[in-house]
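Report on the following structure.
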Amino acid sequence: MTTAATEPCPDQAACEIWNPAAAARWSLLFTPAFGTFIHMRNWQALDQPERAASARRWFYASLVMLMLQIFTSALNARLGTEPMLLHPAGLLFLLVWYFAAARSQTLLVRARFGASYRRKRWDGVMLGAVMAGVAYVCAGMLLSGLLVALT
């Protein structure tokens with residue numbers, strides 16, 4: 001069962017989507033998980049199930065990257081070292097995602113709609129991103145504290 005928020009629009013001119021270029025830019029602050037999620041939802045609204053499935057895989061990969069960063073940060077806190085590898089890897093992941101997947105949505109929306117498409121509001125997803133960021137920081141601190149305390 002689909003809801004109005006995820007139901008593909010039959011008339012693509014009436015589609016309500018988030019600005020895909022803005023989603024990619026916000027990913028610099030909110031991590032690629034944010035942008036991949038937005039792009040996945042946009043592909044669903046644009047009735048592009050194959051591209052939505054690809055964006056979902058990018059979303060899952062970005063979550064794996066975040067988990068790796070939490071675990072390596074906790075391990076580095078325990079060992080008293082600095083995490084050198086995954087910070088550049090996260091930036092590299094963002095760049096690869098943008099050029100391999102995100103840019104195509106930006107170009108398609110620009111070519112098909114120009115600047116005249118219905119835009120979704122950002123307030124709900126921004127609040128969700130901030131809450132997810134707080135949860136990420138708390139999970140990292142908790143795991144770091146547990147590793148230090150238990151070993």
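What follows draws every value from the coordinates through simple rules; no lab data is involved. Quick caveat, the model's predicted, so the values are computed rather than measured. Ideal geometry is used to build each Cβ from the backbone, glycine not excepted, and the neighbour counts take in all protein chains shown.
Some notes on this structure:
- Difference of contour (0.36 nm per residue) and Cα-Cα distance, Asp47 to Leu63: 3.3 nm
- Shown is the FRET efficiency for Trp122 and Leu150, computed with R0 = 41 Å from the Cβ-Cβ distance and rounded to the nearest 0.05: 0.50.
- Over the chain, DSSP H runs of length four or greater, each weighted -39,500 (n - 2.57), average out per residue to a 222 nm ellipticity of -24000 deg cm²/dmol.
- In the calculated pair-distance distribution of the chain, the portion above 26 angstrom amounts to 33 percent of the Cα-Cα pairs.
- Candidates Thr31, Thr72, Thr81: whichever shows maximal mean-square fluctuation once the chain is modelled as a Gaussian network with Cα springs under 10 Å: Thr81
- Between 0 and 90°, nearest 10: helix 49-79 axis offset from the chain longest Cα axis: 20
- Residue order for Asp123, Asp47, fewest other beta carbons within 10 angstrom first, comes to Asp123, Asp47.
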